[in-house]
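This report refers to the structure that appears directly beneath it.
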Amino acid sequence: MFAAFYTEAMAPRIPIKTSTTKTTRDERQKALERSLKPRAAKATAKAAAKKGVKLTKRQIALLEMEEQAAAQDWVCSWEFEREAWGEGALLVAGVDEVGRGPLFGPVVAAAVILPHGTELPDLNGLNDSKKLTEEERERFNVIVREVAVAWAIAEVDVRTIDRINILQASKLAMKIAVEELAGRGHGIDCLLIDGNQKIDYCPPGAMCRQKTIVQGDGRSFSIAAASVIAKVHRDRLLVELDAQYPGYGFATNKGYATPEHRAALLRLGITDLHRRSFAPVAELFEAEVETIDDVEIELEFGLTGD
């Protein structure tokens, strides 16, 4: 159908100066270790603090366990679509994004409209794309594209992610995907959005309800369909980028901070498609810039290191 791209610059790869001195490698290692410490508990506590509630580490752990237990009881179904149809919606779009966590590459979103009032047996077994095997994702990717009323994919590039932050970039990608469907004449009545964040979408002269669903990609067929479409698209893109940026293992790690990827960062440095606003990359970039500055000063003033 269509893939929209939001990018601030379509520039060729700019080689990043790197140094292979022992000092630089040690600095990279220390920076990487600092930046990859677990942050989940801290983030949960920070969110609670904004509401005036200070949680202990034990309370945070219990809340996370309860959420995980509840998630095990959720199943992918037509529940949210039926609710929207029952309220008069004719075109319901599921919206999801992939690629918020990786250190490399764009964030990708998809919006999918499945047929109104039709519970398609071919979608039985469809689920959150992360819970499917690659073979299952590829199979459902074909099915969704065939049975959907319409679908659209949008990418938001690394420079934009670094400028507006990954949450806003994810919402922007979802907005672009939805707007692409609307621009093709699909008057969407209701958006089912994975997560807890609505998007800045308000079609002129129309009303479009937005319902956010925590872990919606494992609870709504429409969102699961968007999840699969987006993930297959991004995974294929990372395979292509693996050939352009050899040595990082993007074909397998898809840009996530795997041991292989972290080792490559230490060995090769960062690329122009790494997210410099993400802590592991940011600290390595700062270490490299400091090293480059030191080398340039030495060359300019004729200094030599020990």
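Quick notes
- Net charge of the neighbourhood of residue 116, taken over other residues with C-beta under 12 Å away and scored Lys/Arg +1, Asp/Glu -1, is -2.
- Residue 179 - accessible surface, heavy atoms, 1.4 Å probe, Å² rounded to 10: 80 Å²
- Within the shell of other residues whose beta carbon sits under 9 angstrom from the beta carbon of residue 87, the net charge comes to -1, with Lys and Arg scored +1 and Asp and Glu -1.
- Karplus-derived 3J(HN,Hα), 6.51/-1.76/1.60, for each residue of the range 147-152, Hz, glycine and proline x: 8, 5, 5, 6, 8, 8
- For residue 107, residues with placed amide H under 5 Å, excluding near neighbours: 156
- Scanning residues 5 or more positions from residue 150 or on other chains, those with amide H under 5 Å from its amide H are 113, with H placed 1.01 Å from N in the peptide plane.
- Neighbour net charge for residue 236 - beta-carbon separation under 13 angstrom, K R +1, D E -1: -2
- Residue-span extension gain [residue 209 to residue 90] - 0.36 nm each, minus C-alpha spacing: 41.7 nm
- Nearest-10 value in Å² for the accessible area of residue 258, using the 1.4 Å probe: 40 Å²
The values are calculated or read from the model by the stated rules, or taken from the named source; none is laboratory data. Quick caveat: nothing in here was measured; it's all calculated off a predicted structure. Here the Cβ is made from the backbone with ideal geometry for all residues, glycine too, and neighbour counts use every protein chain on show. Ligands, DNA and RNA are excluded from the accessible area calculation, which covers all protein heavy atoms including side chains. Shrake-Rupley method; radii C 1.70, N 1.55, O 1.52, S 1.80 Å.
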